[in-house]
Structures are given as C-alpha cells and as structure tokens.
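To keep things clear, I will list the structure first and then write my remarks on it.
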Amino acid sequence: MTVRTRFAPSPTGFLHVGGARTALFSWLHARKHGGQFVLRIEDTDLERSTAESVNAILEGMTWLGLEYDEGPFYQTERFDRYKEVIGELLASRQAYKCYCSRERLDALREEQMATKQKPRYDGHCRPGATPPTPDAPFVVRLRNPLEGEVVVEDQIRGRVVFRNEELDDLILARSDGSPTYNLSVVVDDADMKITHVIRGEDHLNNTPRQINILRAMGVEPPLYAHVPMIHGDDGAKLSKRHGAVSVMEYRDQGYMPEALLNYLARLGWSHGDQEIFSVDEMIQLFDIAEVNKSASCFNTSKLDWLNQQYLMNSDPAHVARYLSVHLGRLGIDPAPAPDLVDVVMAQRERAHTLVELAEISAFYYRDFDSFNEKAAAKALKAAAVEPLTHMKQALAALPDWSRERIHAAMEQVVAELGVGFGKVGMPLRVAVTGGAPSPDLDLTLWLVGREACLRRIDKALDYIGQHAS
Ligand code: GLU
C-alpha cells in the first residue's frame, strides 16, 4: 500500500509554526515511506478564507521546502462531489432528512441544559419524517450508530475509545445544501486515498464522527495521528504574544529554512540526543510513533542556537544567497566587492541570524556613519594618531593588496614605533570597522579594500582631532 498523507490548512491566515510542524510531520512520513504528500486547501468557510492566505501558505511551504506531490486541491471546487456523496448516503439510508425547526431545536437544547444533560439532537426525524410542507427546508444528518464504540488507534496517543451514544446524528448538509466541515474532509480523505491523517490534536474529537461517516460510505478509515499542541515558554498555547508565530516572520528575522525545519522536527520528536538533522536524516530517522504525547514548548534561544549552527556549517555560498537578501534590505548591493562568500566565511561565527550577519557585515560594503561610541572612546584617542598615520602610509605604499602584505605592514609599524601590537591594532580595527565585530585584522582590511581603509583611517584621525583633548 502506498503511503499517502496530506496537509489540509484552512486559508484564514498565514502559515503558523504549528501548522508548519504538522505539514512537516506529514511530509516526512510520506517521504520516509516513498509515498505521496497531498496539499488540500479547506476553503469552504467563504467568509474567512482569502486568496492572500492561500498565497501565504504556499509561500511558507515553498520556503521550507515542503514540496507536495499533488494539489493544491480546493474544497470549494468539489461541492458537486460532496453533494453526490450526500445523495448516496440518503439513498442508502445511512443519512436522513431532518425537518426540525430552529424553534424545536432551541427548545430541546434548553430542556437538556435545564436537566443537566449534554445538548444533543434527539433523533426526532431519524425514523423517517414527512416534510411539514412540500418545499420545507431540511438538513441532512448521519444515521450514527446508536450503540457500540469507535476505537481510534492513534499512531501517537495510542488507543482512544469513543462511545457512539456520546455522538449524535451529525449534520452532513446544511439547509442550503452546502456540505459541513466533517463531510467534506471525509469525502476528500477517501477520494484522495489518504492512508495517514496526521493533524493537530484539536481535531481528535472530530475523528470518531469522521470514522462513522467513512463507514457509512463503505470506506475503510485511514490511520490517524494527532500531534500535540505547541506552547510558549510560559506553558500557555503559543500565540502572538510569545513572539513570531508565522513562518514568514522567521524568514524575515533571519532564520534559515533548514534551521527552522530542524527546530520544528525536534519540537515533539527526538532521536536519542541528536539535535542537528539534515533533511535526509530527518526522512530516514523520523517515526510518527515516536512523537511525544505531551505538548512541546517553543524555545527561541534553542532556535537561535540551531540557526547559528546552520550559519556556521552550511556551504558558505548557500548562506551567501540568503545573506544577500538581508543586505538588500539594508540597502546594500553586495555585487561590487568583496565577494559575499568570503564575507560569510569571515563573519558567520559572530551572528545567530542572517539579520545580525547582515548588520555586522555592512561595513565591508559601505562606510559607516559614525563610530561605535564605546569602541571609539577606548581606541580613538590622541595616542592613536601616530600608529594610524603610520599605518595609512604603510598601507598606501603596499605594492599589492593581499593579506600577507597587510600583515607585514602592521608588523613593520609595530616595529618602527616600538609598541605592542594592540597599540596599532586596536585603533586600526575601530577605524576600519567602526566598532563592528570582525575577524583577524589582515582579513578585515583585505575584505574592506585599500581605498576604503585609507578613507576610514582619515575619518578616524578627524574624529580624534575633534574629540581628543
Ligand atoms: N482544515 C483544518 C485546519 O486547518 C485541518 C483539518 C484536518 O487536518 O483534518 O485546522
């Protein structure tokens, strides 16, 4: 049997981290078993579904690399099929027309509440009702079994048992003929030959109802796995107030998609104490049965740590492609020089995110407006004038601009002045970088380029002239 999973978002907002993790688990399960992953857009709630949200979901999935094999299928394009199934269920007497008026149902509900019973439909029209008028409106209800149990062998939670007497005769079609949520999900899961429904735990209560609809249709139910919720670090359900919840916000904040994927995979699933998983490893090692039963806590510092690991250990050309986007947001065109891959290699250990990496790398591409005050107060003092002036001359005189030559020039000035390396290196670093975190000086200067170095040393000398007493 080919494994077929699906991700079935309702397009009422962006792709949030909880949805992305559910999608990832479904995707991993399909990939691991050489199966297919289907994308289905559950857009039957016409008031809340938007095209922007569909785009945002597709964009998030593309960014994360969760490619689907089939779809996107839109439920709004399948109404005829749902109607067909409703007709079949009526014909086979697995469903019936219910003409109960709103008033009757309200009165029933009030009576049940007053006698402390669970509000539920009493099966009034179940034996077969005659329409009060020829064109009286009706809903279609499932003839739910009255006795017995629905057993869900949940792949994560284990066996969950629901008593049929707890479930009432669910509405399958509203009085305007439109299908209800549970009916359309079930028809789709059956038609799309889904073998494993992996979804959020908030849907667990729908599962016995959906299984009963499937049985009424004569379809063998798929296997189910309900993924626990994600909480913030205070234990409450993850929400905006804990920080970013949208996948694309993480992109904008400078996370690499592979780092976020890795983080989401570890959120509720583990393999020994391994923290870092390539996508191939995730596919190989992931097992839906090993997902935790309890909720997991979103921990931003851990995500930061993981992202840094990815910044440090990925192919620098790959990191450079992402970094150029963030430099662009700072108005920097990294094309002229230096080579972005060299900058990534030089700076990547100093940042947790691509946004930070872009900020601390901006000085390679453009002159800074002002020196970091603290760094300048320490390094750009009267005593720095002589070393900086000597360095400027030595750098200007170099026959070619290489790390070796730059290093030799610094040693030469240190020897000429008979001072420690720091007396030359410290002001030089602040002069050229403005005070940004930077690697070895010869590398830093080499990347910044000769012209910019000389210009910035002049600027530092001016600064000292204005500030040093
Ligand atoms: N459309 C539902 C949601 O976004 C998911 C339904 C399902 O996975 O069965 O919560």
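The values are calculated or read from the model by the stated rules, or taken from the named source; none is laboratory data. The structure presented is a predicted model; accordingly, all values stated were derived computationally and were not measured. Neighbour counts are summed over all protein chains in view; Cβ atoms, including those assigned to glycine, are modelled from backbone coordinates with ideal geometry.
Annotation: Phe73 fulfils all but one of (1) touching a residue at least 40 places away in the same chain (Cβ under 8 Å); (2) part of a helix (DSSP H, G or I); the unmet one is (2).
Kindly establish whether Val140 is more than 16 Å from the ligand (Cβ to nearest atom), surrounded by 15 or more Cβ atoms within 10 Å (Cβ to Cβ) and within 25 Å of Gln117 (Cβ to Cβ). Yes; evaluated as a whole, the condition is true for this residue. In the set (1) acidic (Asp, Glu); (2) touching a residue at least 60 places away in the same chain (Cβ under 8 Å); (3) more than 12 Å from the ligand (Cβ to nearest atom), Glu47 fails one condition alone, (2).
Pairs linking a residue in region 285-308 that is free of Cβ contacts under 8 Å to residues at least 60 places away in the same chain to a residue that is aliphatic (A, V, I, L, M), with Cβ atoms under 8 Å and 6 or more positions apart or on different chains, are Leu303/Ala259; Leu303/Leu260; Leu306/Ala259; Leu306/Ile276; Asn307/Met256; Asn307/Ala259; Asn307/Leu260; Gln308/Ala351.
Scanning for something more than 13 Å from the ligand (Cβ to nearest atom) and more than 30 Å from Tyr310 (Cβ to Cβ), does region 251-265 turn up at least one residue? No, there is no match, as no residue in region 251-265 is more than 13 Å from the ligand (Cβ to nearest atom) and more than 30 Å from Tyr310 (Cβ to Cβ).
Just one of the listed residues (Asp106, Asp80) is farther than 27 Å from Glu42 by Cβ and part of a helix (DSSP H, G or I), and it is Asp106.
Taken together, the residues in region 25-44 that are within 14 Å of the ligand (Cβ to nearest atom), in contact (Cβ under 8 Å) with a residue 60 or more places away in the chain and not in a strand (DSSP E or B) amount to 5.
Yes or no, residue by residue, for (1) modelled with pLDDT of 95 or more; (2) under 20 Å from Glu258 (Cβ atoms); (3) surrounded by fewer than 17 Cβ atoms within 10 Å (Cβ to Cβ):
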{"residue": "Arg329", "(1), (2), (3)": "yes, no, yes"}
{"residue": "Ala335", "(1), (2), (3)": "no, no, yes"}
{"residue": "Leu340", "(1), (2), (3)": "yes, yes, no"}
{"residue": "Arg348", "(1), (2), (3)": "yes, yes, no"}
{"residue": "Glu356", "(1), (2), (3)": "yes, yes, no"}
{"residue": "Asp367", "(1), (2), (3)": "yes, no, yes"}
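Those helices (runs of 4 or more DSSP H) of region 220-291 in which at least 1 residues are of a type in the set (Lys, Arg) and either out of contact with any Pro (no Cβ under 9 Å at 6 or more places or on another chain) or more than 23 Å from Ala30 (Cα to Cα) (or both), considering only elements entirely within it, cover 247-252, 257-266.
Considering only region 159-168, I want to know if a residue exists there that is within 16 Å of the ligand (Cβ to nearest atom) and aromatic (Phe, Trp, Tyr). The answer is no, given that none of the residues of region 159-168 is within 16 Å of the ligand (Cβ to nearest atom) and aromatic (Phe, Trp, Tyr).
Among the residues of region 108-128, at least one is touching a Phe, Trp or Tyr at 6+ places or on another chain (Cβ under 8 Å) and either hydroxyl-bearing (Ser, Thr, Tyr) or touching a residue at least 40 places away in the same chain (Cβ under 8 Å) (or both). So for region 62-70 (the condition being polar (S, T, N, Q), away from the ligand (no atom under 15 Å from the Cβ), over 24 Å from Val187 (Cα atoms) and assigned to a loop (DSSP other than H, G, I, E, B)), does at least one residue qualify? Checked against the condition, which is being polar (S, T, N, Q), away from the ligand (no atom under 15 Å from the Cβ), over 24 Å from Val187 (Cα atoms) and assigned to a loop (DSSP other than H, G, I, E, B), region 62-70 yields no hits at all.
May I ask you to verify whether Glu84 is of a type outside the set (A, V, I, L, M, F, W, C), more than 16 Å from the ligand (Cβ to nearest atom), more than 24 Å from Tyr322 (Cβ to Cβ) and without any contact (Cβ under 8 Å) to a residue 60 or more places away in the chain? When the stated conditions are applied, Glu84 passes them. Search region 1-12 for residues being at pLDDT 95 or above and more than 10 Å from the ligand (Cβ to nearest atom), and hand back the single one that is farthest from the chain's Cα centre (by Cα). By that ranking, first place goes to Thr2. Screening Val227, Val185, Val197 for residues that are within 26 Å of the chain's Cα centre (by Cα), within 14 Å of the ligand (Cβ to nearest atom) and over 22 Å from Lys293 (Cα atoms) leaves exactly one candidate, Val185.
Which residue out of Ala129, Ala95, Ala107 is surrounded by fewer than 16 Cβ atoms within 10 Å (Cβ to Cβ), modelled with pLDDT of 95 or more and aliphatic (A, V, I, L, M)?
Within the list Ala129, Ala95, Ala107, the selection yields Ala107.
Quick one: would you say Val186 is closer than 12 Å to Ile213 by Cα, modelled with pLDDT of 95 or more and either touching a helix residue (DSSP H, G or I) at 6+ places or on another chain (Cβ under 7 Å) or outside any strand (DSSP E or B) (or both)? So Val186 passes the test. Of all residues in region 53-68, those that are farther than 13 Å from Phe37 by Cα have Cβ atoms under 7 Å from Cβ atoms of residues that are of a type in the set (Ser, Thr, Tyr) and not in a helix (DSSP H, G or I), 6 or more apart or on another chain, in Ser53/Thr12. Candidates in region 230-243 are the residues that are touching a residue at least 24 places away in the same chain (Cβ under 8 Å) and away from the ligand (no atom under 16 Å from the Cβ); of these, the one that is nearest to Ser92 (Cα to Cα) is His231.
Residue count for region 200-219 satisfying the condition of being outside any helix (DSSP H, G or I) and either within 12 Å of the ligand (Cβ to nearest atom) or within 20 Å of Lys32 (Cα to Cα) (or both): 1. Output the residue which, of all residues in region 381-401 that are assigned to a helix (DSSP H, G or I) and small (Gly, Ala, Ser), is surrounded by the most Cβ atoms within 10 Å (Cβ to Cβ). Among those residues, the one meeting the criterion is Ala384.
In the set Gly425, Gly434, only one residue is within 21 Å of Asp367 (Cα to Cα) and either surrounded by fewer than 20 Cβ atoms within 10 Å (Cβ to Cβ) or at pLDDT below 95 (or both); that residue is Gly425. Evaluation of Met192 against the conditions (1) within 12 Å of the ligand (Cβ to nearest atom); (2) farther than 21 Å from Glu70 by Cβ shows that the sole unmet condition is (2).
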